[in-house]
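The values are calculated or read from the model by the stated rules, or taken from the named source; none is laboratory data. Since the structure is predicted, the reported quantities are computational estimates derived from the model, not experimental observations. Here Cβ is always computed from backbone atoms with ideal geometry, including for glycine, and neighbour counts include all displayed protein chains. Accessible surface is based on the protein model in full, side chains and every heavy atom, while ligands, DNA and RNA are left aside. Shrake-Rupley method; radii C 1.70, N 1.55, O 1.52, S 1.80 Å.
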Amino acid sequence: MTGADEANVGGVARMPNRAIAGGDAATIEVDGLTKRFGDVQAVADLSFRVRGGAVTGFLGPNGAGKTTTLRMVLGLARPTAGHALIEGVPYRRLEQPARVVGASLERSGAHPGRSARNHLRQLATATGLPSSRVEEALAAVDLTGAADRRVGGYSLGMRQRLALAVALLGDPAILVLDEPANGLDPQGIRWLRDFLRTMAAEGRTVLVSSHVLAEVAQTVDDVVVISRGRLVHQGPIQELINRTSGDAELRVRSPRGEALAAELRRAGGSVRVDGEGSLLVTGVSPEIVGEVACSAALPLYELSERSASLEDVFLQLTGPPSHPDVAGP
Amino acid sequence: MTRLLRCELIKLRTTRTALGFGAAAVLLLLASTVLSITVGDVDDLASQRSALAGAGTVAILLLLFGIVGAAGEHRHGTIIPALLIAPDRVKVTIAKLLAYGAAGLAVGVIAQAVAFAIGVPLLNDSDTGRLLSTNDLVEIAVGGVLCAALAAMIGVGIGALIRNQTIAVITALVWFFVLEQILSGVSSELAAYGLSGSLGALAGGTGENALPWGLAGLVGTAWALTLCGAAVLADNARDIE
């Protein structure tokens, strides 16, 4: 455990004003991780590293192997090959795991007949945390008012927040969140985005999985993208954002489209015509298109820029949906 | 381990499951005792012993209680935060076994106390009078309490081995009420060493070829150790879904 984490252990009640040093102090390392379920290859030779103090999006389409990977990282499933380390040791060998890593997997993990407060209380007891931590974790996810209600009566959003409260219970420096936005309404997604920003501002290392890049794009620093159990991209989110501007396409409408297309090709552009007769132009800037049209005395009805969306880039990376023979559970 | 045990005891206290099973066990033992004395013949030592030794029948309820507790962790997904907080699965399973053993013990004490409080005066007032000695009563009481604790622990073992709650419950019922009954028809001597045979004898039952009380306790404990040991080993090796 690092010095920063030791300070966390001593100061578990400080979560609302928590400040953790960034850098490489707390990291997750995945090396050659592989998981087979019989003939099904769920995760194949997957390697990546999560920077300390950064928020990393763990992305991939449904069935890509994200949850299976996180289960192996968290010691809930045994890898067929490879290993996953948290601060240099496997999860199951961490002395006080709740104080190092807080995790929320897809299921809330609460008994429907038990109240949220009692759910947190029994977990706090198991790891030797004071009961004050239960109240702080409830407050951090805005569940204090509903804490004595049975979890069975909670909405999906409240269950997700309860799962996040469990993750925060030990005031850990690392958070591993599996699809926390699943099933949330727009307000819930807004709340989650603010929550992740708060966690990032406190300097925590966050690994958050999602199958929707746009859901986490505004929050993450880095992305790890997998498809069919394999790594297809790892790097700063800015790299993906840069790809969208690099692939910009111009939409041009003119009553003399054929003549304008010929002029633009002469100017070095690549032109194709869509179903509505508009020109889709790449390879030249909007300024060039305007100048070409002006000098050729060709009227313009529309000149607009259409960037590739993050989702377009994501789909380019991950390809078509997984086939059943490679998708993990 | 102490923290995990306290955690399991909080879990037991914070849902209605334990209370429901406990109340059902007390009422069932009470009904069994009162009906045996008031409706049946209690004119000899064996029938009087049987009338008070209903804990063997109640054992199935506590067995189901243990199954629901252990397999329910997987049904509701509560096993996931439990293992994220405490990744040592052996300790987690042992803590649950101990907690359910303690709960079974508590239910056994209450059920036996209630059954004795009503059954013994009824026997005293019967035409034959009470034929059971104080030693007999102590044996039935202690055996009934131990039977309840062992049954709850065996249930945890079965529930941890067979994680699907419905399949685990059906398996236990078929085992108790079909397989061991068939075995009893084939060989009552062999059936006496079965799960229901040994637990019934420990509780003071007096069926044909019933094991002596002490031997029944050893056989019941052996069943508990075997099933719980298998559960601990299996749980440690399998993935959590």
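Suppose every K and R has +1 on its Cβ and every D and E has -1 on its Cβ; what is the size of the dipole of the range A:25-130 about the Cα centre, in Debye to the nearest 20?
Once rounded to the nearest 20, the dipole reads 400 debye.
Which value results when the Cα radius of gyration for the range A:207-261 is divided by 2.2 N^0.38 Å? Show your work: numbers first, answer last.
On the way: Rg = 17.4 Å, N = 55, 2.2 N^0.38 = 10.1 Å.
Computed over Cα atoms of the range A:207-261, the ratio equals 1.73.
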- Task: For peptide B:71-81, compute the average count of partner chain beta-carbon atoms within 10 Å of each residue's beta-carbon.
- Result: 6
- Positive-end residue, the protein assembly as shown charge dipole about Cα centroid, Cβ charges, pick of B:Gly144, A:Ile174, A:Ala163: A:Ile174
- Message: Am I reading the B/A interface right? What is its buried accessible area, both sides, 1.4 Å probe, to the nearest 100 Å²?
- Response: 2900
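Please give the FRET efficiency for B:Thr134 paired with B:Val34, using the beta carbon to beta carbon distance and R0 = 22 Å, rounded to the nearest 0.05.
Working: r = 22 Å, r/R0 = 0.98.
Approximately 0.50, to the nearest 0.05.
Evaluate the Kirkwood expression for the hydrodynamic radius of the protein assembly as shown, namely the inverse of the mean inverse distance over all pairs of different C-alpha atoms, and round to one decimal in Å. Show your work: numbers first, answer last.
Values: mean 1/r = 0.0363 Å⁻¹.
Radius from the Kirkwood sum: 27.6 Å.
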- Partners for B:Lys91 among lysines (Cα-Cα distance below 22 Å; same-chain residues under 8 apart left out): B:Lys11
- Message: Need the C-alpha centroid separation for the range B:29-105 versus the range A:53-115, integer Å.
- Response: 34
- Pick from B:Val107, B:Val58, B:Val186: which residue has the top mean-square fluctuation in a GNM of chain B where Cα pairs under 10 Å get a spring? B:Val186
- For the range B:5-92, the percent of accessible surface on carbon and sulfur atoms (probe 1.4 angstrom, ligands and nucleic acids excluded) is 64
- Which whole number gives the average count of other chain Cβ atoms within 10 Å of the Cβ atoms across peptide B:15-24? 1
- Query: Ignoring ligands, DNA and RNA, what percent of the 1.4 Å accessible area of the range B:115-241 is carbon and sulfur?
  - Reply: 67
- Message: Please compute, for peptide A:66-74, the average count of beta-carbon atoms on other protein chains lying within 10 Å of each residue's beta-carbon.
- Response: 1
- Treat each spin label as a single point 7 Å out from the Cα along the C-beta direction, and report the A:Asp194 to B:Arg238 distance in nm. 4.3
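Taking only DSSP H segments of four or more residues, each worth -39500 (n - 2.57), what value at 222 nm results for chain B once the sum is divided by all its residues, to the nearest 500 deg cm²/dmol? Before the final figure, lay out the partial values.
Values: 12 runs with 189 residues, N = 241.
When only DSSP H runs of four or more count, the value is -26000 deg cm²/dmol.
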- Task: Run down the aspartates and glutamates and flag those whose C-alpha is under 16 Å from the C-alpha of B:Lys96, throwing out any fewer than 8 positions away in its chain.
- Result: B:Glu8, B:Glu73, B:Asp88, B:Asp235
- Of all the accessible heavy-atom surface of the range A:119-165, with the other protein chains kept in place and a 1.4 Å probe, what percent is carbon and sulfur? 50
- Value at 222 nm in deg cm²/dmol, rounded to 500, when DSSP H runs of n ≥ 4 in chain A each add -39,500 (n - 2.57): -10000 deg cm²/dmol
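Using the Cα centre of chain A as the reference point, and only Cβ charges (+1 on K/R, -1 on D/E), how large is the resulting charge dipole? Debye, rounded to the nearest 20.
Values: 35 positive and 37 negative charges, 232 e Å.
For chain A, the charge dipole is close to 1120 debye.
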- Query: Which stretch or stretches of the range B:204-231 have amide N atoms under 18 Å from the point lying 7 Å from B:Leu45's Cα along the Cα→Cβ direction?
  - Reply: B:204-215
- Query: If you take the charge dipole of the protein assembly as shown about its Cα centre, with +1 on Lys and Arg Cβ and -1 on Asp and Glu Cβ, which of B:Val26, B:Trp213, A:Ala124 is farthest toward its positive end?
  - Reply: A:Ala124
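Could you give the accessible area per residue of the range A:170-296, probe 1.4 Å, as a whole number in Å²?
Ligands and nucleic acids excluded, the result is 44 Å² per residue.
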- Task: Using a Förster distance of 60 angstrom, determine the FRET efficiency expected from the C-beta separation of B:Val114 and A:Thr144, and round it to 0.05.
- Result: 0.90
- Task: Determine the sum of side-chain charges near B:Arg49: Lys and Arg each +1, Asp and Glu each -1, restricted to other residues whose C-beta is under 12 angstrom from that of B:Arg49.
- Result: -2
- Query: lysines near A:Lys35 by alpha-carbon distance under 22 Å, same-chain residues fewer than 8 away left out - which ones?
  - Reply: A:Lys66
